[in-house]
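Just so it is clear, none of the values below were taken in a lab; they were calculated from the coordinates. As the structure is a prediction and not an experimental result, all values here were calculated from the model. All Cβ positions, even for glycine, are placed from backbone atoms using ideal geometry, and neighbour counts span all protein chains on display.
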Amino acid sequence: NHDIVLSTPKPGRFQKFFDNARFDLLIKDEEARKTFVEGGYYSILFSTTVGHTLRFIVLNTNQFLPHMMQYFEVDDGKKQMDWFNKTIADADRNNEKVLLLLHVPPGINEDLLYRFLDLHYEQLLLSIIENYSHRIILCLAGHRHQDMFRVYKNKFVILGQPSLSPINSLTHPSIRHFSYDRYQLTINDYSQYALNLDNAFKSNIAHWQLMYTFSSWFNTKASSISINVLSKLVKLIKNDDEYYVKKFLLAKYHARQINASSHFLSVQICALTHLSFDEFLICIHKRKQNSKINYQISFSYSRDKNVYQEFDKENKLINRLFRWWYKIFYT
């Protein structure tokens, strides 16, 4: 989950790095090897069961980072986008489902307020994804080292996950385990595990702990993680449902103290659906005028605790107290 900055922009610059990494042990398909060596992107068809195939399309969106474009040839980005357009068009003709994987996601870094990708390539990438969104079951991205998701025009979903290497103490090292249906070709759920570094250093034991499972944490009743499920979740968050806003922020900043003002919340919420910087700023302005937020969220859970369990314990206690109070005074 780290960008590789190469020392020279000459053809063949990836070959030595990939050879040392023994990519040949991982990628057996000859066509995939060819594009992987050329630019770090590739496609593999995976048979889940008889008659059911899933196409993995892996893009090297590092090519579109403005500060890294100098390390690539002028036409490298166009070559990758032409390849992506053809590959996903072929998948559409062959009635294949697609799992799309990116390193850098499109959209806004809402914490530092800048756009990740070069505008031209971001617009091109999003237009291709939008055209074939009916084929894409999910888009997985890295780079952020954070738990995040995006819903674009209610057509497709981008899921980002914390990495093994945390950044600025925002998260603990994390691993996400997905479950899927090999017949329906859907992503059913995921469970996220984390290594608490504070406890690991104290005990000299690496204990990976379940932090949360998507379906139970966000109380989804559906059997898969789909555009409909994420759209409903985003709607709850955008409508300032305090319970879901807190859970959304805890998933993202679980190893950090948060004192969230209404402006902070607006920035976080607008980034969920607005990948264009102009639309993002307009959304923040509108929320400033019309927001229903009448609360301030703050949490400072100890880093040595499972904040997800702590949060659920607190809410269960509050619910029990409310039911007890209601029973006494209204029944």
Counting alpha carbon pairs within less than 8 Å and at least 6 residues apart, what relative contact order, in whole percent, applies to segment 33-137?
27
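Is segment 140-244 best put as rounded, prolate or oblate by its Cα gyration tensor, with a ≥ b ≥ c the root eigenvalues, rounded for a/c under 1.5, and otherwise prolate when a/b is larger than b/c, oblate when not?
In terms of gyration-tensor shape, prolate.
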Any idea how far apart Lys78 and Ser127 come out in nm if each label point goes 7 Å out from Cα toward Cβ?
1.4
Convert each backbone phi in segment 82-88 into a coupling constant with the Karplus relation 6.51 cos²θ - 1.76 cosθ + 1.60 (shift: θ = phi - 60°), then list the ³J(HN,Hα) values in order as whole Hz, x for Gly and Pro.
4, 5, 4, 4, 5, 5, 6
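Compute for segment 88-212: radius of gyration divided by Kirkwood radius, i.e. Rg/Rh, restricted to C-alpha atoms, rounded to two decimals.
1.04
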Placing +1 at every Lys and Arg Cβ and -1 at every Asp and Glu Cβ, with all other atoms neutral, what dipole size does segment 27-98 have around its Cα centre, in debye to the nearest 20?
200
Short version: what are the Cα gyration tensor semi-axes of segment 26-75, square root of 5 times each eigenvalue, largest first, in whole Å?
28, 12, 7
From the phi of every residue in segment 175-192, what ³J(HN,Hα) in whole Hz does the Karplus formula 6.51 cos²θ - 1.76 cosθ + 1.60 yield, where θ is phi - 60° and glycine or proline is x?
10, 10, 10, 9, 10, 9, 9, 6, 8, 7, 6, 10, 8, 7, 6, 8, 10, 10
From phi via Karplus (6.51, -1.76, 1.60), per-residue ³J(HN,Hα) for segment 125-138 in Hz, x at Gly/Pro:
4, 5, 5, 5, 4, 5, 4, 10, 4, 5, 8, 8, 7, 5
Give me Rg/Rg_expected for segment 30-158, where Rg uses Cα atoms only and Rg_expected = 2.2 N^0.38 Å with N residues.
1.05
Any trypsin sites (Lys or Arg not before Pro) in segment 14-107 that lie in a DSSP loop and have at most 13 other Cβ atoms within 10 Å would be Arg22, Lys28
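Using the structure shown, list the pairs from Lys202/Lys252; Lys97/Lys246; Lys232/Lys286; Lys78/Lys286 with a Cα-Cα distance above 27 Å, or answer none. Please report the intermediate quantities before stating the final value.
Working: Lys202/Lys252 25 Å; Lys97/Lys246 34 Å; Lys232/Lys286 21 Å; Lys78/Lys286 36 Å.
Beyond 27 Å: Lys97/Lys246; Lys78/Lys286.
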